[in-house]
């Protein structure tokens, strides 16, 4: 479902190709016709300033020079007879090059593709001693689907019309290579409209920051893809996005983003040091299809997942981490399915790694089950059974099934070896069963008690056996026959409404949503 970068050697070979192609082209910029745009192409090897309207009609390479773009300048790609797929290449492995884009809030810089032209794209080899810092830049209509016609266009991924299974490949709108020690990338308040992905490749001690950006109407599934084979660090902060954000091989801090759309998701594909942080985000996958989509997949077991609001899709959290606290997870009770007439979110949290501490979260249904546990998966090998999960701590959470949920917690889904869990001090409301253990092996739940349960379900602990092999009872819990007896004065009668418009308008924050939900489930005693 997600694309992969090739290895560093492939990227280096691509740069050799770019240099060869650029060297064969004509040099520098053509003179500006009277009243017309400045036309540029070929190799630019002397410092120059671009302003007004700049037209790129062929592959253009900045090599050993700095191009400074004045605020309010428009750079336009327009395919010409000499090059049907124009690109702007900045720097090579041997020769540095810089593209300075210092836009302002009142005079942004625009980089776009001319209507009815093959889309252009920008590729930058970041110079380690000189950081790349772009502010207030609007990218419009860049990046395109890869076809045989584009075989000579530099790509950060395998060429071809489609991956197996029919998923198309795309040339990124902007591809930034910052894989050398000291490389630094900062994109501040940039906008991508109708573009393919922003692709960033990190390495070593390189750092990339993408903040206060807007990604709208993307032409593929990705908005941002960050990749590394050798480390690095990335911050994705306070952006507005509609598509997938995928991070592989690097530590990432994903904070305070608004992500809304039928393809929106956050995918952390590998472990890193220091561990990744996912804090304060609003992620709503708005799909109405029961087709396996999710809000979050985190394969960094040590990541911190805290204080987020996530909603919708077949799974809200497909894979979680060892530290999950203060989050609000909300199901979609109305999904279209090819299997059943009326489908809903399967699991709000579908998998946790061993030694996970799942505390002070709110899970709101209806769903088939609010939480499920199963054997761990090794990073990069979906579906592979790994070591059994040990010692889950599930405490002080709210599980509200709204009368349409089978189980609050479903342990050991298709697992070869059972999970070990402690389940204590939680609030369980309106579910058919509190815990279902599919393994039905003794001692799986090492501790259960001090939970508040209302109303009394048909089965509190279904298939859960003590270490002695006896059915686990609810003697250590407070079980009420009716919800009204649980002393929850503000308890909602139905799942919460859609917050999207209020969040996008800035009238409602993630913290305000969390406070609103938490207060509704606060008992007076």
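The values are calculated or read from the model by the stated rules, or taken from the named source; none is laboratory data. Note that the structure is a prediction, hence the values are computed from the model and not measured. Ideal geometry is used to build each Cβ from the backbone, glycine not excepted, and the neighbour counts take in all protein chains shown.
May I ask you to list the residues in the stretch 498-523 that are free of Cβ contacts under 8 Å to residues at least 60 places away in the same chain and within 18 Å of residue 430 (Cβ to Cβ)?
520, 522
So how many residues does the stretch 247-257 have that are within 28 Å of residue 290 (Cα to Cα) and buried (at least 21 other Cβ atoms within 10 Å of the Cβ)?
Count: 4.
Checking the condition within 17 Å of residue 190 (Cβ to Cβ), out of contact with any strand residue (DSSP E or B) (no Cβ under 8 Å at 6 or more places or on another chain) and modelled with pLDDT of 90 or more, which residue from 135, 110, 106 passes?
106
Give me the residue from the stretch 190-240 that is in contact (Cβ under 8 Å) with a residue 40 or more places away in the chain and assigned to a loop (DSSP other than H, G, I, E, B) and, out of that set, farthest from residue 174 (Cα to Cα).
221
For residues that are more than 27 Å from the chain's Cα centre (by Cα), surrounded by 17 or more Cβ atoms within 10 Å (Cβ to Cβ) and at pLDDT below 95, tally how many sit in the stretch 381-403.
Final tally of qualifying residues: 0.
If we only count strands (runs of 3 or more DSSP E) wholly inside the stretch 62-106, which ones have 1 or more residues that are farther than 15 Å from residue 42 by Cβ and not assigned by TED's automatic domain parsing to the domain that holds residue 136?
Hits in the stretch 62-106: none.
To keep it simple, each residue is scored yes or no on (1) surrounded by fewer than 16 Cβ atoms within 10 Å (Cβ to Cβ); (2) without any contact (Cβ under 8 Å) to a residue 40 or more places away in the chain; (3) assigned by TED's automatic domain parsing to the domain that holds residue 353.
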{"position": "414", "(1), (2), (3)": "yes, no, yes"}
{"position": "419", "(1), (2), (3)": "no, no, yes"}
{"position": "450", "(1), (2), (3)": "yes, yes, yes"}
{"position": "457", "(1), (2), (3)": "no, yes, yes"}
{"position": "476", "(1), (2), (3)": "yes, yes, yes"}
